[in-house]
1. Going by a ≥ b ≥ c, the root eigenvalues of the Cα gyration tensor, does the chain fall in the rounded group (a/c under 1.5), the prolate group (a/b larger than b/c) or the oblate group?
2. Using only the Cα atoms of region 29-79, build the gyration tensor, take square roots of its eigenvalues as a ≥ b ≥ c, and label the shape rounded, prolate or oblate: rounded if a/c is under 1.5, else prolate if a/b is larger than b/c, else oblate.
3. Return the ratio Rg/(2.2 N^0.38 Å) for region 1-112, where Rg is computed over Cα atoms only.
4. Using the Cα gyration tensor of region 125-248, with a ≥ b ≥ c the square roots of its eigenvalues, what is the shape: rounded (a/c below 1.5), prolate (a/b larger than b/c) or oblate (neither)?
5. Tell me the label-point distance for the pair residue 83, residue 168, using the 7 Å Cα-to-Cβ offset, in nm and rounded to one decimal.
6. From the residues 155, 191, 215, which one has its Cα farthest along the dipole of the chain in the positive direction, the dipole being from +1 and -1 charges on Cβ of Lys/Arg and Asp/Glu about the Cα centre?
7. To the nearest 10 degrees, how steep is helix 137-149 against the longest Cα principal axis of the chain, on a 0 to 90 scale?
8. Alpha carbon centre of region 180-220 versus region 79-137: separation in Å?
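All of the numbers you see were taken from the coordinates with simple rules; none came from a lab. What you see is a predicted model, and the numbers here were worked out from it, not measured in a lab. Using ideal geometry, Cβ is built from the backbone for each residue, glycine included, and neighbour counts are taken over all protein chains shown.
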Amino acid sequence: MLEIETHNLSKAFGDLVAVSDLNLRIPKGTLFGFLGPNGSGKSTTVKMLTGMLPPTSGEVFISGQSVIHSPIAVKKRIGVLPEDLALFDSLTIWEHLLMVGPVYGLSHKETATRAEQLLVYLDLWQGRHTYVDGASSGTRKKCSLAMALIHNPEVLFLDEPFEGIDPVSSRNIKDLLLLMTRKGVTVFLTSHILEVVERIVQSFAIIVAGKVVCTQTMEETLSDGETLEDLFFKHVVRNKAEELEWIG
Ligand SMILES: Nc1ncnc2c1ncn2[C@@H]1O[C@H](COP(=O)(O)OP(=O)(O)OP(=O)(O)O)[C@@H](O)[C@H]1O
Ligand SMILES: [Mg+2]
């Protein structure tokens, strides 16, 4: 069964085509990596897949439901760690979690139980009464991740979940994502950290300047004797330091 499906999904900002004719077909229970250089269209895609940004053209379906035509039904079933974390500076970490659970229909008691477990797991429990305004960037990201998880989503979208996260929490997040996908949750993540991505994803796509240039399984990559970095550099032009003749 396909959990995430897009048909010719495109987004233009004026003359700039940020995402062009994206066709994704991601089966349920897959951990999928969406890779690409800065400005290639990853976050724009995440926003369209999660109903945060209307596409210019094309369709998105999550478990067969149209994100464009049934956005509320879809939003109940997904969790999102967005690029810009969408936190309230005047609330604490704990208050964020208590606020978000009931939005998804959880009782206060269940919300508090899950919140405590998530915050302990992500090493945020001691600092739960910190206002997010003064929190470190990794702490803010982990708070946003806990908010994305509290209602136990069927599909999880994570925009750069490992960026700025310490090694212990990174390992914990990886373990959790692997456990979730084993249990049938579908995870769509963007990341620049290829060494991490290649150890956890089952399949991936590389997007360059709004167009997908490669889609394959990690097994195919490894059986070709390649690392994800080798493959990435085949598709993304890399400049040479020597060209900066005047430096040094
Ligand atoms: N709201 C917007 N208005 C105008 N242009 C935008 C807007 N959002 C994104 N863009 C442009 O669309 C392109 C894709 O941006 P996007 O944020 O999707 O890239 P990305 O792959 O997530 O990059 P990064 O790795 O740096 O996070 C960029 O050229 C960006 O400047
Ligand atoms: Mg981005």
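1. On the way: a/c = 1.62, a/b = 1.32, b/c = 1.22.
Judged from the Cα gyration tensor, the chain comes out prolate (a/c at least 1.5, a/b above b/c).
2. On the way: a/c = 2.19, a/b = 1.40, b/c = 1.57.
Oblate is the answer for region 29-79, as a/c is 1.5 or above yet b/c matches or exceeds a/b.
3. Working: Rg = 15.9 Å, N = 112, 2.2 N^0.38 = 13.2 Å.
My calculation over the Cα atoms of region 1-112 gives 1.20.
4. In terms of gyration-tensor shape, oblate.
5. Going from the residue 83 label point to the residue 168 one covers 3.2 nm.
6. Positive-end residue among those listed: 155.
7. Between helix and principal axis, roughly 70 degrees.
8. With region 180-220 and region 79-137 each reduced to a Cα centre, they are spaced 27 Å.
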